[in-house]
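Working notes, structure below.
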Amino acid sequence: MRIKTAFATAIATWALMAIAPKASAALNVGDIAIIGFDFDDQDEFAFVALTNIPEGEQIKFTDNGWNVTAFRTGEGIYTWTAPAGGVPAGTIVPVFFVTGTPANFAFAVDGDQILAYQGSDSSPTFITAVNSEGNAVWQSGATSANTSALPSGLTNGANCIALQEYDNYYYTGPREGTKSYLLTQICTAANWVYNDFYRVAMPRGSFTVLPAAVDPNASLGVSEVVFPFTTPGTAIGANLTIWNPSGNTNNLNILAGSSFPGGSKFSIVTSLPIAIAPGASANLQLSFNPGASDTGRFTDVLTLVSNDADTPSINVPVVGAASPQAAAGDVVINEINYDDNGTDDFSYIELKNNNATRSFALNQFVFYGIEAGGAPERAQLLGPNMLAPGQYWVLATAYHSPTALSVADEVMYAVEQLEEGIDGAGLNRGSIASPVTGVWIDTVSYEGTTGHPTVPAPIPDSGNAGTQNGTDATCLQRYPDGADTGVNTNDFSATRAPSPKASNARDLTALAVIDDSIKGFADAARPQDRYLVFRTVPKGGSVVRQYTLQGSNLAGANVTVSCVSPFSVSTDNINFSTSLLLPLTGGTLPLTTIYVKFAPTAYGTYTGRLMTDTFVIHNSDASWDSFMAVSGMCGQATAMGEDFNYGAGYLQSQAGGVKYAPYTADATGVSVTNVSLGHPAHGAPVGLGRKVVIDGQNGRQDLQTPIYPALTSDTATLYASMLIKVTQAPGASEDKCAHFFAFYMDKTWTNHYVTQTWAQANYSTWARGALTISPASNPAELATKFRLGVTLRQDPSTPSTQVTQWPTDLDVGQTYYVVFKYSFDGTTWPYTGHARLWVNPQTGATAEPATGYVQYNWVTGDQTVEDICTLAGYRIEQRSLTGTTNIHAMELDQIRVGTTYGSVNPAAVALNEMLWNPPDPDQGQEFVELKGESNASLNNVWLLRLAGDGSGEIDNALNLGAQTVNALGANGIYLLRDAAAALLPAPDAQTTIQNDVDAFAPDLGNGAGSYLLVTGFTGAVGNDLDTNDDGAADGDMPWSFALDAVGFGKGSGTNHLYGDDFGGTSLFPSFAPTSAFRDATTPTTWVASDATGAVGGQFNITQTSSGTYTGYLTPGNTNDGSVPVTMSAFSIE
C-alpha cells in the first residue's frame, strides 16, 4: 500500500547518508529523474538520484532543444558534480541559480525543456528529460528556443516526460519503490502539479529506492494530511490519495475498520470498503469538523486497515486549524529584513498578531511578494499554525542561511528572496490566485512607492516604508512595535539591527536615532559594533562596567538610554534604573559616562542592548540603531571543545562560533581528514569526529575560534588540552620555534574591558600563550624526534626564540596528550603571567599537578605590551620556523578549553561493551562497560541514553563521578551494573565494578537508542535534544564535551540515532540487537549483536551486524584469549 497526502507541509532539508555509495561507471538511462522546475525567475529545478552516484560524477543539464541528431545551440549548459562522499540513491538534489548563471541558461516562460546527459555536447548520452512546451508532446525538432524533439535513447512516459505547457511544476506522486516503479510514476503527468502564475516549492526530503527483487508493499510511508483553513463550526474536506503499485497482482482493499479515534474532530466521508486495482489510485475523502467554539490547531491519527499482507494497518497523521477570519489590521507585517548587504540569505518577514483577544489560523493567509507596479510575483500559502494575541511569526525565504533558519517559524520555499525583483509584500486572506482575489490584511511597499498591490480593493496601506529621508533601508520595523496607521512611511523605521521574534523595541524602550558623529568607547567606531561582557557573575552578585557616549546633530530634546533586567544603567554609579534621560543642548550630547550594572538573580546566560533614542532618524548616509550590546552569565564557568566533526577538506575561520567553513582558495593549509587521534592511554584511535592536519606551509591562514565570554576576564587563567602527533619533523635549518596552537588576546586602547565576544566577527591578531615545535636536540635524530615547547609572543608573523622546552625529545609518529595553561594579570602595571605545559598527564584529575610540567614566565618587559585586555579566543596556526616554506607536518584533535584544569582533563575513556536486553528479566543483568586509561577518575563524566523512537529525549542520565566506585580499574576497565549478582564470565579482578540497583532508572530501553559519555552535563532526563524529531540533534547541547557516542537501530520502524551527530558511530542492523561491543582488533568498529543464554550468563553471540563472531559477551574482562580472535570485539587494547 502506498499513501499520498493531498496537502503536505512537512519539509526536510537535503542530507546525505553517512555511508558513501560505492563508485560506479557512468550513469545509465533513468538513473536520475527531474521532479520539479520553476521557469519563472529565479530559475530552479530539482532531480532525484535513483541509483548511487559516486563522488566526482558529472551530469550536464541544458535548456538547448534536441534537433533529432544534435543540439540547437545558443542556450546554456550547467554541469553538476557529485560532492565528496557521493550521492546515495533517493537523495533529492536542488539546483538554484540566478538567471544567466551559467551563461545563457535561462528558462523561457513560454515553454522550455531540461535535458540531462553525459558525454560530449556533440555526442551526448541522455539520462532523462522533461518538456513543458505545447500539448504534452515532444516536438518534431528544436525549431526555436522553446521546442525540442525527444532526446535519442529516451522513451516518453518511461524515462522522460512531456507535460502540458505551464511555467512551474513539481512531482507529488509515490516516493518509495523500485527504480522502474518510481520512473514510471515520475513520468506520469497525473502525478505532477503546476502553477502558471507563481513559482512553486521544489520537492524536499528524500525517496526510498528499493531493490528490484523487493516487494513494493514491504514498507509504508506517509506524511500528514493538512486540511484547508476553516472557521469554527464549519466543516472542511481533504482527500487522501492511495495508490496500489502496478507491481502488485491483487486489488488493494481499504477496509471498513479504518477509523479515527472516538471523539475525533475528523471523520471519513467515503463509504468503505473500497477496492483499488493494481496500478490505479483512489481518493479517500476526509472531513475536519471543528465545533462552534473550537479555535486552534487540531491533530489526530487516521488508522487505515487494508488487505496488505505486509502491513495490514498504518497510521496517517492529520492536522487542521480553525479560527475566526482576520480583518485588515488584525495581523500585520511587523518587520522586513530584505537586504543584508551580502548574499541576502538572512531575509525574512515577521508577522505579529495585533488583536488583543483573538488567535488566528495562519493557513487562511497567502503571502505575496509584490513587484514594481503592484503585480504579485511570488505566492506562498502559510501552514496550519496558530498565532496568539501579541505573538510573532517569522517567515524565512527559501534562500536562507543557518542563522535565518534558526529564528524562522516557517520557510517559504516558493519565495527565494525579498529583494530580487520584489518591491513590496502583502498578506492576503484567501487562496493563491491570479489575479489575486480574497481580502488584503496588510500591505507594505519598501522599495519605491509602487510595491503595493493594485487589486482587489481595498488596499489597506499606502506610502513607502523603506524611504527615510530619501534613502532606502535594509531592515524595516514597525515602531512602536505593531504600529499600524495605514501609512507605511509613518509606521516603519529603518534599522540595521534586526530583531526577529522579538519586540521592535527589543524589549527596550526606544529606537536609536543618531548620526555618524555618535561615539562609543570614546573612539570613532559606531556603538553598534561594541560589546560589554560581564562574564560569569555569582547568583545574587553584581558587576559594574562603563562606557562613554556622545553625539551631535541629534534631533529631539533628549536621548533615552534604556535596558532590561538584570542590567541597569546610571550616570553617577549610585542610582541605577532601566532607563536614563540625557538632555540635549542644541542637538549635542556632551561626553557622558554610562555605568552598567549586571545583577543576575537566577542562573543562566543573559544578553541585551543598551539603546539610545531621539525618536527621529537624522543621519548623513543611512539609518541604523545605536546600541551597546551587553552579555553576562550567572553560574559556573563553562568549557568548550572541538572534535572536528566536519567533512574532509580544508578549513577557514568562520565568525560566530567554533564551526569552520570550507577553505577552497588552494589545496594547502589546515585540513580535516578521516579517523580521529586516539588517546595514548587507549592505544587505538577511538576518539570522536575527525582530526586536522597542519601541513607546515608558510603563509597559510590560521583557524581562529572565539572563546565564550564566560571563560575570560581581566585577570585570566585558561587551560587547553589536545592530542598531537607530529608526522614529519622540522628540519635542522628551522632553528626557531613554530607555533601550532595559541590563545590570542583582545585589546582596547582606553580600558581593560573585552570588546570581542562569541558572536563577533573580528578578532585581534595578537597572540599570547602558544605551543611550539622545533627540531630535535640531537642532529642524528632530526627525522625521528622533535621538541615541544611553550612560549609567549605578540606578533603572529614572528616565530619565537623565547621558549621553555619539554625536557625530553618526543617521537615522530607518536600521539601525545598535552595540557597547556596560560595565566596573566592585566589589571595593574606591570602586567605579568606564565605559560605551563604537561605531556601525557593522568586523565580525569581535577587538580592541577604540582609537578611534572615546564613553565615560561613573563613580565611586561618581555613583550612591548601597553594595552593587553583579555583573551578572546584560541587558534590553530601554521607558522613557519624560518619564514620560508616549512617541511614539518602534524595532526591535532580533541581540543578542550576551559577555566580549570579539571574542565579540560576528562578521563580518557570510551564505551566498550553493553547489554540492554538480556534474557528475561532485564533487571539485574544489564551492564555497560567502559575502557580507558588505568585508574582514571570519572569525575564529571556522565552516561546518557537518547531515545531512538523519534523523540530524541534523554532516557537515562547517570553521573559516574558521583558513584561510590568512580574510577577505572588498574586494567582500564569499569563495569556498571544494576545488581550485585555476578554475571558469567566473572569480571577480571582488576576491573572496578559499580553495582547500583537504580543505575539505569529502571532499565535501559530495548528499542533504538544512542549512548553517550559526556562531561559537564547540565540537562535532565526528559530533555528533548531533537525538538523537530528529524533524527538530527538540535542546537546547543547541555554538556561541555562528548567523549564517546554510539547509536543502535532496532531493524524496523523509526530509528533516530545520534551517535554520528557527535562524531561517533550509528549502526542500523537488519535485526533488533540486544547488545553491542567494540572489535578489539579494530576498536573503531562497533558490532551490534544478539545475545542469548541462561539468566546470569554467559551470553552467547548468535547474530551480529558485521563480521563473524562465535564467542560470548565478557562483562568486565579484556580479551584474555579464551574467546576466538574473531570474537575479540569488546575491549580496547
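Tabulated data for the structure shown
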read-out	value
Yes/no for T303 being over 17 Å from W243 (Cα atoms) and either within 38 Å of the chain's Cα centre (by Cα) or among the small types (G, A, S) (or both)	no
Candidate set: the range 347-374, residues that are under 16 Å from V444 (Cβ atoms) and among the aliphatic types (A, V, I, L, M); chosen: the one surrounded by the fewest Cβ atoms within 10 Å (Cβ to Cβ)	A372
Test: F627 is hydrophobic (A, V, I, L, M, F, W, C), at pLDDT below 85 and under 39 Å from the mean Cα position of the chain (by Cα)	yes
Residue match in the range 55-67 (condition: surrounded by fewer than 19 Cβ atoms within 10 Å (Cβ to Cβ), part of a loop (DSSP other than H, G, I, E, B) and touching a Leu at 6+ places or on another chain (Cβ under 9 Å))	no
Qualifying residue in the range 568-581 (condition: at pLDDT 65 or above, part of a loop (DSSP other than H, G, I, E, B) and of a type in the set (G, A, S))	no
Matching entry among A1080, A1088 (being aliphatic (A, V, I, L, M) and either touching a strand residue (DSSP E or B) at 6+ places or on another chain (Cβ under 6 Å) or within 20 Å of R977 (Cβ to Cβ) (or both))	A1088
Among (1) more than 15 Å from F39 (Cα to Cα); (2) surrounded by fewer than 17 Cβ atoms within 10 Å (Cβ to Cβ); (3) not polar (S, T, N, Q), the one test that P124 misses	(2)
Enumeration of residues in the range 248-291 that are among the hydroxyl-bearing types (S, T, Y) and out of contact with any strand residue (DSSP E or B) (no Cβ under 9 Å at 6 or more places or on another chain)	T249, S271
Count - residues of the range 974-992 that are in contact (Cβ under 8 Å) with a residue 24 or more places away in the chain and of a type in the set (G, A, S)	4
One residue from A25, A82, A46 being at negative phi, modelled with pLDDT under 90 and among the aliphatic types (A, V, I, L, M)	A25
Neighbours by Cβ (under 7 Å, 6+ apart or cross-chain): first from the range 367-384, basic (K, R); second modelled with pLDDT of 80 or more	R378/Y368; R378/G369
Sole residue being surrounded by 20 or more Cβ atoms within 10 Å (Cβ to Cβ) and over 24 Å from Y1112 (Cβ atoms), chosen from A1091, A1042	A1042
Per-region count, the range 140-199, residues buried (at least 22 other Cβ atoms within 10 Å of the Cβ), charged (D, E, K, R) and at pLDDT below 85	2
Top-ranked residue of the range 220-242 - restricted to ones that are modelled with pLDDT under 75 and either surrounded by 15 or more Cβ atoms within 10 Å (Cβ to Cβ) or among the aliphatic types (A, V, I, L, M) (or both), ranked as farthest from V269 (Cα to Cα)	L220
Restricting the range 927-953 to residues that are acidic (D, E) and surrounded by fewer than 24 Cβ atoms within 10 Å (Cβ to Cβ), the residue that is nearest to L1113 (Cα to Cα)	E933
Unique match (being part of a strand (DSSP E or B), assigned by TED's automatic domain parsing to the domain that holds N939 and among the charged types (D, E, K, R)) among D1026, D1044, D988, D1034	D1044
Filter pass, A89 being part of a loop (DSSP other than H, G, I, E, B), under 20 Å from L182 (Cβ atoms), in contact (Cβ under 8 Å) with a residue 60 or more places away in the chain and of a type in the set (A, V, I, L, M, F, W, C)	yes
Candidate set: the range 684-732, residues that are modelled with pLDDT under 75 and part of a strand (DSSP E or B); chosen: the one surrounded by the most Cβ atoms within 10 Å (Cβ to Cβ)	P706
Test: residue in the range 904-911 that is of a type in the set (S, T, N, Q), surrounded by fewer than 24 Cβ atoms within 10 Å (Cβ to Cβ) and within 29 Å of the chain's Cα centre (by Cα)	no
Pair list, Cβ under 7 Å, 6 or more apart: the range 288-316 residue under 17 Å from S259 (Cβ atoms), other residue loosely packed, with under 13 Cβ neighbours inside 10 Å and modelled with pLDDT of 90 or more	D300/P261
Condition met for A1076 (in contact (Cβ under 8 Å) with a residue 24 or more places away in the chain, touching a Ser or Thr at 6+ places or on another chain (Cβ under 9 Å) and closer than 30 Å to G1035 by Cα)	yes
Residue in the range 1067-1082 that is in a strand (DSSP E or B), modelled with pLDDT under 90, within 18 Å of L943 (Cα to Cα) and not hydrophobic (A, V, I, L, M, F, W, C) present	yes
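Results for (1) part of a loop (DSSP other than H, G, I, E, B); (2) over 19 Å from Y1058 (Cβ atoms), shown as yes or no for each residue.
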residue	(1), (2)
S951	yes, no
I954	no, no
L958	no, no
A981	yes, yes
D998	yes, yes
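The values are calculated or read from the model by the stated rules, or taken from the named source; none is laboratory data. Predicted model only: the values in this text are computed from it and were never measured. With ideal geometry, Cβ positions are generated from the backbone for all residues, glycine too; neighbour counts draw on all protein chains shown.
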